[in-house]
Amino acid sequence: MSQKKKITVVGAGYVGLVASACFADLGHEVTCVERDKQRLGRLVAGESPIYEPGLEEILHRTIGTGNLSFSSDLGKAVAACDAAFIAVGTPPRKSDGEADLRFVLDAAAEIARSIRPGAVIVTKSTVPIGTGDAIINLIAKVRPGLNVAVASNPEFLREGSAIEDFTKPDRIVIGCEEEATAELLITIYAPLVGKGHPLVRTRRRSAELIKYAANAFLATKITFINEMADLCEAVDADVADIALGIGLDHRIGPHFLRAGPGYGGSCFPKDTLALVRTAQEYGVPLRLVEETVVANSARKRRMAMKVRHILHGHVADKRIAVLGLTFKADTDDMRESPSIPFIELLQRAGAEIHAYDPRGMDQARKIFHGVSFHHDAYQCAQDADAVVLMTDWESVKHLDLARLASIMKTPVMIDLRRIYPPEEAARQGFAIETIGRTGLEPQPVKIFDSQFLFSDISESTGTTAGQISRVTEGAAE
Ligand code: UDX
């Protein structure tokens, strides 16, 4: 079987565009289908309509080698392909939060009309368990007797590190019922498998559930550490140390233990809700995931209370500077961002909101009303009664605190990402409210292991090097 495959990807969004570029970069011949003419024009010119570090470089390279092309003609694009990947959106239905499969099923029907017998239709979008079966039934109606297989190949890409997550995956998951289908997908991913990245081959329904289970587990892990943060504030402990202390257990692991204002994005909120709905339909309540959904939603709103608390209950007519709007750093995505309910609640309480974000303001302008936007963090904080650190952008993580305090009306800081140690902020004159700890004196955390790689743990739990003191010298005494 030739290693080079003809692949069509339907949908040029966060998932489809990254998959198209990376499949082409693996050496396959890829056509990415995009219906939106304006978006298509930008893509053909090698311009990425989404902000994803490293993506434009791969687009230029693969368009240049001819491995990647774009088209609006789905029928023509799938006619000769070996595999057609569906990477269109599955937004939550407004009525009940279930995944809206309209776009997936429309794409599947259109593919079925033109795909050649023996090719494979693959769902890469996050789709509810059983969607592959629904597509098989749809094909039987649209083109009776067509011999094509349907497989599931979920992605695990994080926005802001999607290229890395695709090219160095923790694992590749393929779900299919036929040997030939598995062989084709294994061939497509062979360059990555050849570099030692594990490939999990399972049945289609299991692959569909693996995606939801992964996101629901990660969302639950984040919610767990967020609730530990609340407890730490009550019992005068430090959540960064809790994360460090439990994260060193290899069964828990140090990642996704950074307490924050609640998770956002286009996936965790949507996928946890969709999984809960699916489980309810099958009469199997997922109480943990249900609680995660409720706790996270409440947390985003509760963060606004921290502003009230540090301003002694008076928010009306106060000027609040919010630094960071996107749901996390290194993305322009505002979907389900914690900043949305946070700002809306403060506005409802009469606050005057000024906001800064290095990438998210174009999208933010469509969401917020009555917010003053600034392209510079210090301009945003000028004459503010309080500054809120909402998203841990590099530009927010490296502020000159003395300068910031000097230009504000009152140097008050609400740090929702544990960016600055409170005692450092206090030294610069700030009254500071943070998450997961009270008081200003950090308890130095001792690790009795000279081989421990501090950078790993500080990066993933937000513990600063200052709070971790290597004690091998002490141990040697
Ligand atoms: C997520 C999954 O990680 C990815 O595998 C899946 O394919 C898509 O959904 P993404 O939503 O892009 O990726 O971002 P991620 O980095 O997972 O962060 C999600 C949210 O959790 C963000 O709001 C982030 O701020 C928050 N988060 C993450 C925390 O609050 N603490 C953490 O330790 C990690």
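Read-outs throughout are calculated quantities, based only on the coordinates presented, and are distinct from any laboratory measurement. Nothing here was measured: the structure is a model prediction, and the numbers come from that model. Positions of Cβ are backbone-derived with ideal geometry, glycine not excepted, and every protein chain shown enters the neighbour counts.
Under 5 Å between amide hydrogens, built in the peptide plane, is the criterion, and for Thr90 it picks out nothing among residues at least 5 positions away or on other chains.
Pairs of Cα atoms under 8 Å, at least six residues apart: use those to get the relative contact order of the chain, whole percent. Over the chain, the number comes to 11 percent. Against the main long axis of the alpha-carbon atoms of the chain, helix 102-114 sits at an angle near 30°. Counting other Cβ atoms within 10 Å as a rough exposure proxy, the listed residues Asp133, Asp236, Asp271 run Asp236, Asp133, Asp271 from fewest neighbours to most.
Please name whichever of Thr65, Ile129, Asn147 sits farthest to the positive end of the charge dipole of the range 6-202, dipole taken about the Cα centre and charges placed at Cβ: Lys and Arg +1, Asp and Glu -1. Of Thr65, Ile129, Asn147, it is Asn147. Shown in residue order for the range 264-275 are the 3J(HN,Hα) couplings computed by the Karplus curve 6.51 cos²θ - 1.76 cosθ + 1.60 at θ = phi - 60°: x, x, 8, 10, 3, x, 5, 6, 5, 5, 5, 5 Hz (x for Gly and Pro). Each other residue within a Cβ distance under 12 Å of Lys328 adds +1 if Lys or Arg and -1 if Asp or Glu, for a net charge of -2. Its Cα centre serving as origin, the chain has a Cβ charge dipole (Lys and Arg +1, Asp and Glu -1) of approximately 1360 debye.
For Leu199, the amide hydrogen comes within under 5 Å of the amide hydrogens of Ile172, counting only partners 5 or more places away or on other chains and with H modelled in the peptide plane.
Taking every DSSP beta bridge that has both residues in the chain, what percent is antiparallel when rounded to the nearest 5?
Of all bridge pairs located within the chain, approximately 5 percent are antiparallel.
In the chain, taking the dipole from charged Cβ atoms about the Cα centre, the farthest positive-side position among Ile186, Thr326, Ala349 is held by Ile186. Legend: ranking of residues Leu231, Leu275 from fewest to most surrounding C-beta atoms inside 10 Å; resulting order Leu231, Leu275.
When the helix-only estimate is applied to the chain (DSSP H runs of n ≥ 4, each -39,500 (n - 2.57), divided by the residue count), what is the mean residue ellipticity at 222 nm, nearest 500 deg cm²/dmol?
It comes out at -13000 deg cm²/dmol, rounded to the nearest 500.
Applying the Karplus relation 6.51 cos²θ - 1.76 cosθ + 1.60 with θ = phi - 60° to the range 328-335 yields 3J(HN,Hα) values of 6, 6, 6, 8, 9, 7, 9, 4 Hz, where x marks Gly and Pro.
Over the range 1-130, Cα pairs under 8 Å with separation of 6+ residues give a relative contact order of 28 percent. Basic side chains Lys and Arg get +1 at the Cβ, acidic Asp and Glu get -1 at the Cβ, and with that the dipole of the range 212-296 about its Cα centre reaches some 420 debye. The alpha carbons of the range 176-236 give a radius of gyration and a Dmax of 18.8, 59 Å, in that order.
The Cα center of the range 326-373 and the Cα center of the range 128-181 differ in position by 35 Å.
Couplings for the range 29-42, taken from phi via the Karplus curve 6.51 cos²θ - 1.76 cosθ + 1.60 with θ = phi - 60°, read 9, 10, 10, 9, 9, 9, 7, 5, 4, 5, 5, 4, x, 5 Hz in order; Gly and Pro are left as x. What is the Cα centroid distance between the range 400-425 and the range 1-47, reported in whole angstrom? One Cα centre to the other: 44 Å.
Quick one: Cα convex hull volume of the chain, Å³ per residue?
Roughly 164 Å³ of hull volume per residue.
For the chain, the residue among Leu199, Ala84, Leu26 whose Cα projects farthest onto the positive side of the dipole built from Cβ charges is Ala84.
Between amide H atoms placed 1.01 Å from N, distances below 5 Å from Ile50 occur with no residue 5 or more places distant or on a separate chain. Counting only residues at least eight positions apart within a chain, or on another chain, the lysines with an alpha carbon under 20 Å from that of Lys76 are Lys4, Lys5, Lys6, Lys37.
Of all lysines in the structure, those lying under 27 Å Cα to Cα from Lys221, and not within fewer than 8 positions of it along the same chain, are Lys94, Lys124, Lys168, Lys211, Lys270, Lys300, Lys306, Lys328, Lys397, Lys446. May I ask you to work out the translational diffusion coefficient for the range 6-202 at 10 °C, viscosity 1.306 mPa s, via Stokes-Einstein with Rh from the Kirkwood sum over Cα pairs, reported in whole µm²/s? Estimated via Stokes-Einstein, D reaches 95 µm²/s.
In plain terms, the residue of Leu192, Leu399, Leu288 with the fewest other Cβ atoms within 10 Å comes first and the most crowded comes last, giving Leu288, Leu192, Leu399.
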